[in-house]
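Peer 1: Below is a structure I'd like to ask you about.
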Amino acid sequence: MAEDPSQWRPETKLVRGGLDRSAHGETAEALYLTQGYVYASAELAEARFKGEAPGFVYSRYANPTNRMFEERLALLEGAEACRSTASGMSAVQLALMGLVRAGDHVVAGRAMFGSCRWIITQWLPRFGVETTVVDGRDVEAWRAAMRPNTRAVFLESPANPLLELVDLKAVAGIAHAAGAKVVVDNVFATPIFQKPLELGADVVVYSATKHIDGQGRVLGGAVLGAQALLEEAYRDVIRHTGPTLSAFNAWVMLKGLETLDLRVRRQAETALKLCALFAAHPKVKRFYYPWDPSFPQHELAGRQMTGGGTVIALDLGTKDAAFNALNALEIIDLSNNLADAKSLITHPSTTTHRAVPEEERLALGLTDGWVRLSVGLEAAEDLERDLSRALDRA
Ligand SMILES: *Cc1c(COP(=O)(O)O)cnc(C)c1O
């Protein structure tokens, strides 16, 4: 076959990438619900365990359905290799723990998903790993935080919930000069709108729970990067600690990938239409969406992203105004999840970011008036009507 899948356009990769049909010639990807594998001979079993013969040995290590998902996502990302995990958080923990040991140091951007923050500030230090949290927007702060024992930097861009960006190229240059690997949580950008590996990242992590499933069904995650790095840093950790994605969930994710490009482009298009409503509505004090010209880091968004994503943050001034608006919605659901086909909205300071100490919350600018809207696949006109009515009551 002359076709090289790595040369396909993203839409083709998402539908055909990694497809590995069984002898039955099924059209859709097969779901291999199996724990183990059998061998034609004792010699073959020995060879597989030695790594001298290809093939599967146990589903904690690898599974054919998971392999299809991993290959499809790796093709899309432009990564040499991908390993799937049971959730986004297992991917983040694996990505960091696999790179460090006691005595090492990690630097992270301060705006991050609550559980990522816990791993950085609470979990890594328990194992003797020092961590420093910096204002991710400030390139000089990253430079100043580097130490001789800095092994990894971790960042999210755009970050949850106020969509702060980090200059990926600049921070990757600083990290590499200090001998550190760069781990990027690319959930908010999606693999459609940002390619961290091309901007200098070494490892990209996803919560596949979000846009990759995209329909609110199953949890999953992924770690992507160079083959040699994944082998060296993560292979044994995965084998012996078992952060394994269920094959069923991998199958759901494979089908999710087929429509990823269509969904997130439509969602981003709707998000941009909603920005016009937010810009004009008197109850909206400020709103953040990386693709809107009013976004504080709009120029950086244009340099490192190809679309604004599917999340908008709005400041309605006070907690009362925010709660009044949320309670008046009739279509959009109140939920702390995001990246579903259904539009979802949350009040971060009383839910997802409740555990962040108040002074840190305020340093992030996350006051009680902010709500985070995850734009779904409903018609923009219906969402505009729902939001406009709710904002009138804010
Ligand atoms: C949801 C999320 C995670 C965690 O993913 P789970 O699949 O829920 O474990 C990590 N990072 C970001 C940015 C997220 O939005």
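The values are calculated or read from the model by the stated rules, or taken from the named source; none is laboratory data. Keep in mind it's a predicted model, so treat the numbers as computed, not measured. Don't worry about glycine lacking a Cβ; one is built from the backbone with ideal geometry, like all the others, and counts go over all protein chains shown. Heavy atoms of the whole protein, side chains included, go into the accessibility calculation; ligands, DNA and RNA do not. Shrake-Rupley method; radii C 1.70, N 1.55, O 1.52, S 1.80 Å.
Peer 1: Could you check how many residues of the stretch 206-229 are within 14 Å of the ligand (Cβ to nearest atom) and in a strand (DSSP E or B)?
Peer 2: The number of residues fulfilling the criteria is 5.
Peer 1: Right, Pro148: open to solvent by 40 Å² or more (accessible area, probe 1.4 Å), more than 16 Å from the ligand (Cβ to nearest atom) and outside any helix (DSSP H, G or I) or not?
Peer 2: In short, yes.
Peer 1: Can you tell me how many residues in the stretch 318-346 are away from the ligand (no atom under 16 Å from the Cβ) and either within 30 Å of Asp138 (Cα to Cα) or not in a loop (DSSP other than H, G, I, E, B) (or both)?
Peer 2: Selection size over the stretch 318-346: 13.
Peer 1: Cβ-Cβ under 7 Å, sequence separation 6+ or interchain: first residue in the stretch 251-274 and in a helix (DSSP H, G or I), partner among the β-branched types (Val, Ile, Thr) and surrounded by fewer than 21 Cβ atoms within 10 Å (Cβ to Cβ). Which pairs?
Peer 2: Close Cβ pairs satisfying both conditions: Val252/Val218; Glu258/Val15.
Peer 1: Checking Ile119 against (1) more than 14 Å from the chain's Cα centre (by Cα); (2) closer than 23 Å to Gly242 by Cβ; (3) more than 11 Å from the ligand (Cβ to nearest atom): exactly one of these is not met. Which one?
Peer 2: (3)
Peer 1: Continuing with the same structure: Kindly indicate the residue of the stretch 361-394 that is part of a helix (DSSP H, G or I) and of a type in the set (Gly, Ala, Ser) and also nearest to Ala322 (Cα to Cα) among those meeting that condition.
Peer 2: Per the criteria, the residue is Ala390.
Peer 1: Is it the case, given these coordinates, that Phe69 is touching a Cys at 6+ places or on another chain (Cβ under 9 Å) and within 16 Å of the ligand (Cβ to nearest atom)?
Peer 2: Yes: the conditions hold for Phe69.
Peer 1: Looking at the stretch 151-179 only, could you name the residues that are open to solvent by 20 Å² or more (accessible area, probe 1.4 Å) and in a strand (DSSP E or B)?
Peer 2: Arg151
Peer 1: Taking the stated definitions as given, is Met89 open to solvent by 20 Å² or more (accessible area, probe 1.4 Å) and touching a strand residue (DSSP E or B) at 6+ places or on another chain (Cβ under 8 Å)?
Peer 2: yes
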